[in-house]
Amino acid sequence: MSKRLFVSVDLDGLEDAVRAVQERFEGASGLRLTDPGQTHVTLKFLGDTDPDRIGDLVTELEAAVDDSGVEPFEARFGGLGVFPSLDYISVVWVGVREGRGDAELTALHEAIEARTTEMGFDPEDHEFTPHATIARMDHAGGKERVQRVVEESDPEVGRLSVEEIRLTESVLGDDGPAYRTIESVTL
């Protein structure tokens with residue numbers, strides 16, 4: 001049976017700060033908060049993958065890290081944004097502060113994108129924006145509240161020492177997705 005996989009940098013240790021940012025949206029109808037303990041930056045969504053490919057995938061991820069030239073670095077998370085736009089909100093996210101991990105995460109994404117596309121995984125269809133999803137909008141009931149919070153606040157989430165990327169499995173359940181690290185690749 002295939003596994004639903006993605007490559008991520010996890011925001012380990014920033015759960016309380018993420019939760020504090022999520023509290024700013026309290027009472028926004030239609031907004032579903034993500035589990036602060038599972039907050040991550042998706043470097044590449046792979047989708048349903050044959051488990052027999054995992055060994056080759058890990059080898060390619062190791063090569064991608066080498067290709068990127070990225071060494072362990074510090075990323076600073078903060079600020080809020082939405083996809084696709086403030087008029088139609090689907091996702092609310094925390095960003096990566098300029099110059100504090102932004103370039104490194106982008107370089108990792110590009111190297112992983114090149115390697116996984118060569119393996120036959122679908123290329124991304126949108127520009128990469130380093131972010132960590134903190135909520136999803138199921139309906140527009142609380143859209144005005146969400147818009148106001150995003151426009152009027154610039155929260156600091158914290159610093160993270162990034163020393164690895166993870167191949168992660170997403171298992172969809174009744175309470176939303178649960179994530180499990182399949183393999184870590186050190187920088």
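Read the figures in this text as sums done on the coordinates, not as results from a lab. The structure presented is a predicted model; accordingly, all values stated were derived computationally and were not measured. Cβ: placed from backbone, ideal geometry, glycine included. Neighbour counts: every protein chain shown.
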**Item:** Lys, Arg +1 and Asp, Glu -1 on Cβ, resulting dipole of the chain about Cα centre, debye, nearest 20
**Value:** 660
**Asked** Of [x] 9, 36, 36, 17, 2; [y] 10, 39, 37, 13, 1; [z] 10, 41, 40, 10, 0, which is the value of P(r) over Cα pairs in 10 Å bins from 0, in percent derived from the coordinates here?
**Response** [x]
**Message:** Please list, by residue number, every one of the GluC sites (Glu not before Pro) in the range 41-87 that is coil in DSSP and has at most 10 other beta-carbon atoms within 10 Å.
**Reply:** none
**Asked** Looking at I89, A75, A140, which one has the Cα that reaches farthest to the positive end of the dipole of the range 3-186 (charges on Cβ: Lys, Arg +1; Asp, Glu -1)?
**Response** A140
**Asked** Of the chymotrypsin sites (Phe, Trp or Tyr not before Pro) in the range 1-101, which ones lie in a loop per DSSP and count no more than 13 other C-beta atoms within 10 Å?
**Response** Y88
**For the range 1-112, convex hull volume per residue from C-alpha positions, Å³** = 133
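Over the chain, what relative contact order in percent results from Cα pairs under 8 Å that are six or more residues apart?
That works out to 34 percent.
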**Request:** Please go through the range 100-179 and write out the GluC sites (Glu not before Pro) that DSSP classes as loop and that have at most 10 other C-beta atoms within 10 Å.
**Result:** E127
**Estimated 222 nm signal from helices in the chain, with DSSP H stretches of n ≥ 4 weighted -39500 (n - 2.57), rounded to 500** = -8500 deg cm²/dmol
